[in-house]
1. Under 8 Å between Cβ atoms, which residue pairs at least 6 apart in sequence (or on different chains) link something in segment B:34-47 that is in a helix (DSSP H, G or I) with a partner that is among the acidic types (Asp, Glu) and open to solvent by 10 Å² or more (accessible area, probe 1.4 Å)?
2. Would you please list the contacts, defined by Cβ atoms under 7 Å and residues six or more apart or on different chains, that run from a residue in segment A:65-79 that is under 22 Å from A:Pro33 (Cα atoms) to a residue that is among the polar types (S, T, N, Q)?
3. Determine, yes or no, whether A:Ala86 is surrounded by 24 or more Cβ atoms within 10 Å (Cβ to Cβ) and of a type in the set (A, V, I, L, M, F, W, C).
4. In segment B:4-25, what count of residues is obtained for those that are more than 18 Å from B:Phe322 (Cβ to Cβ) and either more than 7 Å from every other protein chain (Cβ to nearest Cβ) or surrounded by 15 or more Cβ atoms within 10 Å (Cβ to Cβ) (or both)?
5. If you scan segment B:166-190, which residues turn out to be over 17 Å from B:Glu112 (Cα atoms) and touching a residue at least 24 places away in the same chain (Cβ under 8 Å)?
6. May I ask you to say which residue of B:Thr341, B:Thr330 is modelled with pLDDT of 90 or more, open to solvent by less than 30 Å² (accessible area, probe 1.4 Å) and either assigned to a helix (DSSP H, G or I) or more than 25 Å from A:Phe57 (Cα to Cα) (or both)?
7. State all residues of segment A:127-151 that are within 14 Å of chain B (Cβ to nearest Cβ) and either closer than 20 Å to A:Phe90 by Cα or open to solvent by less than 10 Å² (accessible area, probe 1.4 Å) (or both); if no residue qualifies, say none.
8. In segment A:1-44, which residue that is among the basic types (Lys, Arg) and at pLDDT 85 or above is surrounded by the fewest Cβ atoms within 10 Å (Cβ to Cβ)?
Amino acid sequence: MTALIELTGIVKTLKGQKQPRTILDGVEMRVDPGESVAIVGRSGSGKSTLLSVLGIFDRPDAGTYLLHGQDISRIPERKAAKLRSAEFGFVFQRFFLLKHLTAAQNVAMALVNGQGWLPRRERKRRVMAALDQVGIAQLAKSKPTKLSGGEQQRVAIARALVREPKVLLADEPTGALDLETGTLVIEALLSATERGCGLVLVTHDRDHAARMGRTLDLHDGVLTERVPA
Amino acid sequence: MRRLSGRGRSALIIGVQGIRARKLRTLLSMVSLFLGVLAVVVVQAGASIAEKAMFADIELQQGVEGSKIIYMGAEPKTTAIVNDVIQGRDDAVAMIGMQAIIGEAGVRPVNEGGAPIGENWGGGPGPEAGGDPSGQAVEVRLSALTGDVRAFRPFRPRDGRWLDWSTTPSLAPKLVLNEAAAKAFQQYHVPAQMRLNGGQQTVTPQFVGVVDDASSTPTAYARLDEVNRWLAPAAGPQNGPSGDLQVLLTASTPATQVLQKRLKAAGTEAYVETVRSRAEMAKELRLIRLVFLAMAGLVLLIGVAGILNVGLASVGERVEEFALRRAVGTPRLLLAGIVLTETLLTGLFTAAAAIGASAGALRLVSMFLGDREPFLADVQFPWDAGVAGIIAGLIAGILGGAVPALRAAGIPIATVMRA
């Protein structure tokens, strides 16, 4: 089976003030459709940089990145934007909801992004389906300031799911939430894997990591599989 | 109508959302731009209204743009040729100018030489020097017409009616006065006697109407066939009028060539002129308009700086929003388009406000000053001033939005990761 994501020998170096610093040093990684993968590691270990490479925010300095078997290691920004829209959904630690928009409008942001055009009715249908998927359809018209942290993160997840992505990338999505709310958010993310979406979760929380299919440890720029105890 | 592309519609939707979310910033941008756009609209409107008013007066005096005028002396044989060529045509009218004195016989008119009332053009000798004594008479320029001249000189009716060629010629010539002549006869009540070309034979004229012909010289218009019966002996053996003769013709009439050939064959010297007053006047006004528009442009630049300032501040505030939009697949070009849409809409709103303010002010000026200044009565807001305002608003939007748009497009996507 073709892997959803396959990284081979990925190297990423950041230019420091004195000398370049290697953040990712020959990272190897594979994610299959419907698989959930947790990435754990110390702060500053390069988890977010790895997520940037996976989400095509950044390009690797060396190595190969295959998405559905296609090499996208060096694709130009225009094509990367198209791929981000069509293939990826992103969830961040800070929810990044626009305060002046309602929950539904925040979700619709991913549909009104210049990558194709959907009629208003179809947009509304998809937005409501995504909000329903994360269990907050009744809050569609609420502004983010009126929502709790968990509700805001679920709006952000709905925004990530509304285009039915093939890969969901989550960067510490429970970092700003209490344990109970965090668990609800993880469940919402895992529900997306049931329809074949791959999930890559960057987290510090060992309990949340344990709920993923596999856990990878990033240490000194090298990714290793953590064997369950 | 062609619909906007997906990107265009996305930019419009997000731009409108951005404006609604930042109403105060938008308002501040509009305030800084308002004076600049207003200046452009006012200069353009002022120039258009002035040009229209000037042109309307010039048209009354010189003739409709593009029409032809043939000038010649009104000798009997010339008059006969002209009559022969233009008789029965509605695309040509002959106009013979002569002097006429209306009022007491044997006195010097109050405006000897046909001068505007109140101006002294230096008349003949007074009674002490052996001339006529000054008395109750007004000298006018009499224009005798072969047909309705208003197709060439659209005189504005002021009172009464215009000459009627459908009736048989009257022995008492009907006169239509211009405003200067009407004013003279209001000021000086004179007997209803008229002498043509300074002759002694008197005619009883009838004043039937008053028109505005944009001339300050007292002038009366009459039918040539009514005037012809009473011409002074000096007019010549064939009882034709003397003075100057003009034939006004439409641009396309074949009568021009026929008349020119016949006059040439008769040995008459004629001078042909095509009315080109609009082009000449536009050339003169262009420089003045450019100077004023340049000044308005400077004021507009200050407004552009305001939009630029507010735009940069706005982009600085929205770094995370733009980075997030890039993360969900929005191309850089669309991000620039969103910022430009916002500034363009701000420019358009400002233009609408400036146009509305100018049109309202013009209406008030027309209401309150229309009686004193006729060119301001019923004046309409010129559409080209509206177009100039919209263009100024759009240019300001583009100039003021370009740098913030580039900055928005350059925001690194990783901003959301490191926040």
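The values are calculated or read from the model by the stated rules, or taken from the named source; none is laboratory data. Quick caveat, the model's predicted, so the values are computed rather than measured. As a convention, Cβ positions derive from the backbone with ideal geometry for all residues, glycine included, and neighbour counts pool all protein chains shown. Note: areas computed on protein heavy atoms with side chains; ligands, DNA, RNA excluded. Shrake-Rupley method; radii C 1.70, N 1.55, O 1.52, S 1.80 Å.
1. B:Gln44/B:Asp384
2. Between residues of segment A:65-79 that are under 22 Å from A:Pro33 (Cα atoms) and residues that are among the polar types (S, T, N, Q), the close pairs are A:Tyr65/A:Ser73; A:His68/A:Thr2; A:Gly69/A:Thr2; A:Asp71/A:Thr64; A:Ser73/A:Thr64.
3. no
4. Just the residues of segment B:4-25 that are more than 18 Å from B:Phe322 (Cβ to Cβ), to begin with: B:4-6, B:8-9, B:23-24.
Of the ones still in play, those that are also either more than 7 Å from every other protein chain (Cβ to nearest Cβ) or surrounded by 15 or more Cβ atoms within 10 Å (Cβ to Cβ) (or both) are B:4-6, B:8, B:23-24.
Of the residues in segment B:4-25, 6 are more than 18 Å from B:Phe322 (Cβ to Cβ) and either more than 7 Å from every other protein chain (Cβ to nearest Cβ) or surrounded by 15 or more Cβ atoms within 10 Å (Cβ to Cβ) (or both).
5. B:Pro169, B:Ser170, B:Leu171, B:Ala172, B:Pro173, B:Lys174, B:Leu175, B:Val176, B:Leu177, B:Asn178, B:Glu179
6. On the way: B:Thr330 fails: either assigned to a helix (DSSP H, G or I) or more than 25 Å from A:Phe57 (Cα to Cα) (or both).
The match here is B:Thr341.
7. Narrowing segment A:127-151 to residues within 14 Å of chain B (Cβ to nearest Cβ): A:127, A:130, A:143-145.
If the condition is that a residue be within 14 Å of chain B (Cβ to nearest Cβ) and either closer than 20 Å to A:Phe90 by Cα or open to solvent by less than 10 Å² (accessible area, probe 1.4 Å) (or both), then A:Val127, A:Ala130, A:Pro144 are the ones that fit.
8. Kept after step one, since they are among the basic types (Lys, Arg), are these residues of segment A:1-44: A:12, A:15, A:18, A:21, A:30, A:42.
Applying the additional criterion that residues be at pLDDT 85 or above yields A:12, A:21, A:30, A:42.
On the way: A:Lys12: 22, A:Arg21: 14, A:Arg30: 14, A:Arg42: 12.
Per the criteria, the residue is A:Arg42.
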